[in-house]
Amino acid sequence: AHDLTATKAKYPAATIIGEFGGQLSGSGDRLVLSDANGNPADVVEYFDGGNWPILADGGGSSLELVDPNADNSKPGAWAASDETGKSVWQTFTHEDVARNLNGDPTQYNEFIFGLLDEGSFLIDDISVIEDPGGDNIEMIQNGDFSGGSADKWRLLGTHRHGQVVSDPSQPGNNVLRMDATGSTEHMHNHAETTFANGERITSSATYRYSFRARWLGGSNKLHTRLYFNRIPRSNLLPVPENLGTPGLANSTAVANHGPTYSGLIHSPAVPPANTPFTVSVNAADPDGVTKLELHYSVDGAAFQTAAMASADGTKFVGTIPAQAADSIVQFYVEGTDAKGAASLEPWKGPDSRALIRVDDGEAEDLDFINNFRITMTEADATFLHEVTNVMSNDRLGATVIYNESEIYYNCGVRLKGSQRGRNTQVRVGFNVAFPPEKPFLSAHRTVG
């Protein structure tokens, strides 16, 4: 523990063997557990993101082993601790004059909210009252989500992953769960709703807005405002003090997790048209790996399954049949151990983005320049360029292949550039984030 006395007081069930004087980096670090002779008994190198649990990136949750018998050097053996049962609802109320130096809005009259970093929270009972104590005009539509949907709300960019769920502390009460993948900002990447009945914000009028919110994980900094930064507030959602489970079973523990993986790769990097190609992966499990299957989808069609074989019980190889030029193949593998536990690689399975593009001829005659191939599913590529999404900072999954040989799975892509250029084919740019365990050219987490 960093502070033995304080930790013991907070977690009396924990067995603490001493104090740790070092610091663990939030962006990734390497931990070595040594025996009495100084020999390494266990080594873990963790990262923030990629295949590692993102909510453990300084947002309250800790990294927990799901199965102590699994290979803990692999990210598939870890999960972010589940803190959702410890958090509580809190009501926030703000009242002020909607003053602004730029006059009153003529087009947009909205209530807006968003986290200041990636994280998850619940929100309910949203209300905006004009002239509280006077006319008391309610301006919000569907602020309690009682109909079971987020109708009247627009969930944009990093805040598009929201859904109405039942309140875990009050079953039957509908609330909005938001899973933000990044920060809100001034013109997109937030949740917003237009005021009812054409109501407008007046800079000389007083407004009172209120809501209930409950932190689940990640950032607890929730920014709220009326349109164009009127009555802006940064709200700190309460985070429990008794985070994690030291001295007790891990909150995410399972009896048997299934195989862990390394070295997933397809070959060749850009397969020729009408020629079969392979996918290989290393799989391990303390109970033994009994079966590995390759699941693949061509151009968005239903997934098909092919068996994977191994000559040594560790490296498994499967074959994808020949495909036409310019086909896009998405794939993942599923392994089962001797006790019947299954796991996926990449761990999101059909929602991950390990992709193969059959040779389309685009890279021919490129003798003197580098080729940076971004492969996305057709649905993701279409959504990326939707006029209502071009300002999004939410990254969509992709595979990058550099110079037709270096493969990077599960990258994240967003558009970059001004709002005037992102929707123009000859001006649009791309910002690509790479998995932290495999940065571009071993050096760059992001490139433009």
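Taking the criterion of being out of contact with any strand residue (DSSP E or B) (no Cβ under 9 Å at 6 or more places or on another chain) and over 29 Å from A80 (Cα atoms), would at least one residue in region 291-310 satisfy it? Looking for residues that are out of contact with any strand residue (DSSP E or B) (no Cβ under 9 Å at 6 or more places or on another chain) and over 29 Å from A80 (Cα atoms), one finds at least one in region 291-310, hence yes.
Is at least one residue of region 107-128 crowded, with 19+ Cβ neighbours inside 10 Å and touching a His at 6+ places or on another chain (Cβ under 6 Å)? Yes, because at least one residue in region 107-128 is crowded, with 19+ Cβ neighbours inside 10 Å and touching a His at 6+ places or on another chain (Cβ under 6 Å).
Scanning region 37-80 for residues that are under 17 Å from E118 (Cα atoms), of a type in the set (G, A, S) and open to solvent by less than 30 Å² (accessible area, probe 1.4 Å) yields G49, A56, G59, G60, S61, A79, A80. Among the residues of region 347-357, are any outside any loop (DSSP other than H, G, I, E, B), of a type in the set (G, A, S) and surrounded by fewer than 21 Cβ atoms within 10 Å (Cβ to Cβ)? The answer is yes; a qualifying residue exists.
Of note, N371 does not satisfy the criterion of being surrounded by 12 or more Cβ atoms within 10 Å (Cβ to Cβ), in contact (Cβ under 8 Å) with a residue 12 or more places away in the chain and either under 23 Å from Q304 (Cα atoms) or touching a Ser or Thr at 6+ places or on another chain (Cβ under 6 Å) (or both). Put simply, of N37, N69 the only residue that is among the polar types (S, T, N, Q), touching a residue at least 40 places away in the same chain (Cβ under 8 Å), out of contact with any Ser or Thr (no Cβ under 8 Å at 6 or more places or on another chain) and part of a loop (DSSP other than H, G, I, E, B) is N69. Check region 81-89 and report whether any residue there is buried (at least 16 other Cβ atoms within 10 Å of the Cβ), small (G, A, S) and within 15 Å of K221 (Cα to Cα). Yes, some residue in region 81-89 is buried (at least 16 other Cβ atoms within 10 Å of the Cβ), small (G, A, S) and within 15 Å of K221 (Cα to Cα).
Considering region 140-179, the residues that are in contact with a Lys or Arg (Cβ under 9 Å, 6 or more places away or on another chain) and of a type in the set (A, V, I, L, M, F, W, C) include one that is farthest from D394 (Cα to Cα), namely I140.
Taking G361 as the residue in question, decide whether it is open to solvent by less than 40 Å² (accessible area, probe 1.4 Å) and part of a loop (DSSP other than H, G, I, E, B). Yes; evaluated as a whole, the condition is true for this residue. The number of residues in region 235-288 being more than 26 Å from the chain's Cα centre (by Cα), free of Cβ contacts under 8 Å to residues at least 60 places away in the same chain and at positive phi comes to 2.
Of all residues in region 364-383, those being assigned to a loop (DSSP other than H, G, I, E, B) and under 22 Å from N410 (Cβ atoms) number 4.
Among the candidates V32, V97, the residue that is hydrophobic (A, V, I, L, M, F, W, C), loosely packed, with under 13 Cβ neighbours inside 10 Å and over 22 Å from the mean Cα position of the chain (by Cα) is uniquely V32. Which members of region 394-413 meet the condition of being part of a strand (DSSP E or B), within 19 Å of G182 (Cα to Cα) and open to solvent by less than 50 Å² (accessible area, probe 1.4 Å)? L396, G397, A398, C411, G412, V413, listed by residue number. Restricting attention to region 216-230, the residues being closer than 12 Å to G182 by Cα and either in a loop (DSSP other than H, G, I, E, B) or acidic (D, E) (or both) number 1. Taking region 311-346 as the range and being in a loop (DSSP other than H, G, I, E, B) and open to solvent by less than 40 Å² (accessible area, probe 1.4 Å) as the test, the residues that pass are Q323, S327, A341, P346. Of all residues in region 11-24, those that are small (G, A, S) and surrounded by 11 or more Cβ atoms within 10 Å (Cβ to Cβ) total 1.
The values are calculated or read from the model by the stated rules, or taken from the named source; none is laboratory data. Only a predicted model underlies this, so the values are computations on that prediction, with no experimental measurement involved. Quick reminder, even Gly has a Cβ in these numbers, built from the backbone with ideal geometry, and neighbours come from all protein chains shown. When the accessible area is computed, the model is the full protein with side chains, heavy atoms only, and any ligands, DNA or RNA have been set aside. Shrake-Rupley method; radii C 1.70, N 1.55, O 1.52, S 1.80 Å.
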